[in-house]
Amino acid sequence: MLYFMCVPTGPQCWFVLFGPAMVKPMSRKRFENLDPDRQQRLFESAADEFGAHGYEAASLNRILENSGMSKSSLYYYFDDKADLFTSMVERSIAFVFREIGGFDLQSLTAENYWDQLEALYRRAIALMSRNAWYVKLGRMFYRLRGNPKDLKATGRAFESARRWVVQFIRRGQELGVVRTDLPETLVIDAVMGIGEALDHWVVAHWDELEADERLQSASDQIDLFKRLLSP
């Protein structure tokens, strides 16, 4: 479902499904006061470094050297490498949603609720197929998430996703297309758990899938949620 993209989020495939409201960058507010050109240079350098070397082997020193930022400045804006990486992921998701669009929850109807979600997901899949960077980003994100000491950095993205899922589920219940016979927290937990599992599977197996299989996966995964959530 794109928790991280994939990717305005991952969540790959969940981030993108769960809309613009969940992808406001969470780096320290003081970073937003930094000159936009310097922000861009830092994130471009980080993207190049993470893309070339992966998360574990990426060097903060090389990122700093290429961006022209000092180490003391970096730690003024970010806690550590995991914080910088997760902030880059969040901003990448925002870019994705500028590319593929989104939808307003209040515009959803009983007739288009699931179709709109599938259409958004298919646009995300198409973007990922055109730009392999997002798939690589997703793989790095889940490797980071698998490290207990870095759960805080990745967890904030999932907290944002969860808030959007709550809104999405409640809108579906208002429209009569999402079940109301189970406790809300159980429904949300189930959606989040399945979403993360699907996300992880997609990025792990992306290279094995043909283009038509990737698009079909969008339909299959939305159908899975529809069968889980329908009254």
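The values are calculated or read from the model by the stated rules, or taken from the named source; none is laboratory data. Treat the numbers as computed from the prediction; the structure is a model and nothing was measured. As a convention, Cβ positions derive from the backbone with ideal geometry for all residues, glycine included, and neighbour counts pool all protein chains shown.
Quick notes on this one:
- Condition check for K29 on (1) under 30 Å from F168 (Cβ atoms); (2) in contact with a helix residue (DSSP H, G or I) (Cβ under 9 Å, 6 or more places away or on another chain); (3) at pLDDT below 85; (4) not acidic (D, E): one failure, at (2).
- Any hit, region 208-229, residues being closer than 21 Å to R98 by Cα and of a type in the set (K, R): no
- Any hit, region 82-103, residues being modelled with pLDDT under 85, within 16 Å of L144 (Cα to Cα) and among the polar types (S, T, N, Q): yes
- Among the residues of region 134-154, some residue qualifies, meaning at least one is within 12 Å of R214 (Cβ to Cβ) and either surrounded by 14 or more Cβ atoms within 10 Å (Cβ to Cβ) or under 15 Å from the mean Cα position of the chain (by Cα) (or both).
- Residue, nearest to N147 (Cα to Cα), within region 67-81, restricted to residues that are in a helix (DSSP H, G or I) and in contact with a Leu (Cβ under 9 Å, 6 or more places away or on another chain): K81
- Residues (surrounded by fewer than 19 Cβ atoms within 10 Å (Cβ to Cβ) and not charged (D, E, K, R)) located in region 44-54: S45, A47, G51, A52, H53, G54
- In region 118-231, counting only helices (runs of 4 or more DSSP H) that sit wholly within it, the ones holding 1 or more residues that are modelled with pLDDT under 90 and touching a strand residue (DSSP E or B) at 6+ places or on another chain (Cβ under 9 Å) span 133-145, 151-175, 184-205.
- Only residues that are part of a helix (DSSP H, G or I) and either crowded, with 20+ Cβ neighbours inside 10 Å or touching a Leu at 6+ places or on another chain (Cβ under 7 Å) (or both) were counted in region 93-117, giving 8.
- When residues of region 174-231 are limited to those that are hydroxyl-bearing (S, T, Y) and closer than 16 Å to Y121 by Cα, the one surrounded by the most Cβ atoms within 10 Å (Cβ to Cβ): S217
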